[in-house]
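Comments concern the structure below.
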Amino acid sequence: MENKKSIFQRAAEWGIPFGLYLACAAMTYIFSDYFSPLLLLFMVMCTCLPVVVYFFQRRKFIEDDGFTEYAGLWMLGIMLFLLGTLIASFIVYLVLQHIRPTFMYDIAQMIIDTDKQAPGVMDNELLQIIKRMVDEKLMPSPIEIVMSMYWLVTFMGSLISAVTALIAHRAINKRGK
C-alpha cells in the first residue's frame, strides 16, 4: 500500500510554487509603474488566486480518494498561504530593500502628480495626508510594508481557502455520487 502524504507535507511541497506565484504577482504590482500592462497582469493573477488554491485542494482531495474532510482542505489552503506568503514576503522584502527602496515615495508622488493634473479627483484630506507623509518622510519602511502584506494576505488567504475548500469538497463529492 502506498504511503500518502499528510496535509502539512503537501502544503510544504506546494507552498514553494505557490509562494513563487505570490511573489510574481507582487513583482507585477511593484514594477507596474514602469510598464503599465503589468498592472493588468497583477489583477489577472489576483483574480486567478482562488482557482490556484482550488487546484491544490482538489488535487489533495483526489489523492486521498475523496476522504479528505472539509477542515483538512481548508487547513491545506491556510498552510499554503502561510508558507507561500512567507516565501513571497522574503522576495518582496529583498526587492523593496535593494532594488526599489523608494517604491512608496514613488507611488505617493504619482498620486500627488495625478492630483495636480486633474484637481479635485482625489479626496482632499487623503491627499493632504499623503503630502504630509512625503514631506516629513513618514512612509513605511520595506519591512513594515512586508509585514502588513504578510498578515493581510494570510488572513485573506484563510477566507479564500474556506470558500475554495467548500467548493472542492462538494464538487468532487457530487461527481462521485
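Tabulated results
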{"quantity": "Test: residue 112 is surrounded by 13 or more Cβ atoms within 10 Å (Cβ to Cβ), among the β-branched types (Val, Ile, Thr) and at negative phi", "calculated": "yes"}
{"quantity": "Residue pairs meeting the criteria (Cβ under 6 Å; at least 6 apart or on separate chains; first over 20 Å from residue 76 (Cβ atoms) and in a helix (DSSP H, G or I), in the stretch 134-163; second open to solvent by less than 90 Å² (accessible area, probe 1.4 Å) and hydrophobic (A, V, I, L, M, F, W, C))", "calculated": "134/108; 142/96; 146/92"}
{"quantity": "Enumeration of residues in the stretch 11-52 that are open to solvent by 70 Å² or more (accessible area, probe 1.4 Å) and part of a loop (DSSP other than H, G, I, E, B)", "calculated": "34, 35, 36"}
{"quantity": "Residue 56, sole failed condition from (1) part of a helix (DSSP H, G or I); (2) open to solvent by less than 50 Å² (accessible area, probe 1.4 Å); (3) touching a residue at least 60 places away in the same chain (Cβ under 8 Å)", "calculated": "(3)"}
{"quantity": "Test: residue in the stretch 156-173 that is in contact with a helix residue (DSSP H, G or I) (Cβ under 6 Å, 6 or more places away or on another chain), more than 30 Å from residue 71 (Cβ to Cβ) and among the β-branched types (Val, Ile, Thr)", "calculated": "no"}
{"quantity": "Close pairs from the stretch 92-120: first touching a residue at least 24 places away in the same chain (Cβ under 8 Å) and under 25 Å from residue 23 (Cβ atoms), partner assigned to a loop (DSSP other than H, G, I, E, B) and among the aromatic types (Phe, Trp, Tyr), Cβ under 8 Å, at least 6 apart", "calculated": "100/31"}
{"quantity": "Residue satisfying all of: in the stretch 1-53; of a type in the set (Ser, Thr, Tyr) and without any contact (Cβ under 8 Å) to a residue 12 or more places away in the chain; farthest from residue 110 (Cα to Cα) among these", "calculated": "6"}
{"quantity": "Selection count where residues are surrounded by fewer than 19 Cβ atoms within 10 Å (Cβ to Cβ) and in contact with a Leu (Cβ under 9 Å, 6 or more places away or on another chain), scope the stretch 159-169", "calculated": "1"}
{"quantity": "Test for residue 85: is it touching a helix residue (DSSP H, G or I) at 6+ places or on another chain (Cβ under 8 Å), more than 20 Å from residue 22 (Cβ to Cβ), among the polar types (S, T, N, Q) and touching a residue at least 40 places away in the same chain (Cβ under 8 Å)", "calculated": "no"}
{"quantity": "Residue match in the stretch 78-88 (condition: assigned to a helix (DSSP H, G or I), more than 16 Å from the chain's Cα centre (by Cα) and among the hydrophobic types (A, V, I, L, M, F, W, C))", "calculated": "no"}
{"quantity": "Test: residue in the stretch 79-91 that is modelled with pLDDT under 95 and open to solvent by less than 30 Å² (accessible area, probe 1.4 Å)", "calculated": "no"}
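The values are calculated or read from the model by the stated rules, or taken from the named source; none is laboratory data. Just so you know, these numbers come straight off a predicted model, no measurement behind them. Backbone-built Cβ (ideal geometry, glycine too); neighbour counts: all protein chains shown. Ligands, DNA and RNA are stripped out before the accessible areas are found, and what is left, the full protein with its side chains, is counted by its heavy atoms. Shrake-Rupley method; radii C 1.70, N 1.55, O 1.52, S 1.80 Å.
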